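One structure is given below, encoded as structure tokens.
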Amino acid sequence: METTNIDKVVFEAMILKVRNFKNRIESLCSKYKNKGLDQWLDNQDVCLILNISPRTLQTYRDTRKVSFSRINNKIYYKVSDIEELLKSCK
């Protein structure tokens, strides 16, 4: 096992930088969480929730059984739309 010794001042500077980074990440996460972005699901999430294949999900999109939004070639679904689809299937 190899050990490395560092100066206390250097270690404290490293800790300070890590804490600042953590604070910036938390700030960004809270900023976007408040915008309702957690109300959207991607293909993988929907397939897992509905227990269907990606091809079946594509068929649902093609037949307009479920609405979706496309952003930069990635498809997203509103949680409320998926809940409605579940209700209609029961």
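Legend: helices of the chain (whole DSSP H runs) are marked when their alpha-carbon atoms reach 15 angstrom or more along the helix axis and their mean Kyte-Doolittle hydropathy is at least 0.0; marked are 79-89.
Pop the C-beta distance of residue 69 and residue 20 into the FRET formula with R0 = 35 Å and round what comes out to the nearest 0.05.
On the way: r = 35 Å, r/R0 = 1.00.
Using R0 = 35 Å, I get an efficiency of 0.50.
Report relative contact order for the chain in percent, whole number only (criteria: Cα-Cα under 8 Å, sequence separation at least 6). Across the chain, relative contact order equals 24 percent.
Counting Lys and Arg as +1 and Asp and Glu as -1, each charge on the Cβ, what is the dipole of the chain about the Cα centre in debye, to the nearest 20? Walk me through the intermediate numbers first.
Numbers: 17 positive and 11 negative charges, 78 e Å.
Taking the Cα centre of the chain as origin, the dipole is about 380 debye.
A viscosity of 1.567 mPa s and a temperature of 4 °C, combined with the Kirkwood radius over C-alpha pairs in the Stokes-Einstein formula, give the chain a diffusion coefficient of 77 µm²/s.
Pairs of Cα atoms nearer than 8 Å and 6+ residues apart set the relative contact order; for the stretch 39-89 it is 43 percent. Relative to its residue count, the stretch 39-89 spans a Cα convex hull of 71 Å³ per residue.
Every number in this text was worked out from the coordinates using simple rules, so none of it is lab data. This is a predicted model, so every value here is computed, not measured. Note that we place each Cβ from the backbone using ideal geometry, even for glycine, and neighbour counts take in every protein chain shown.
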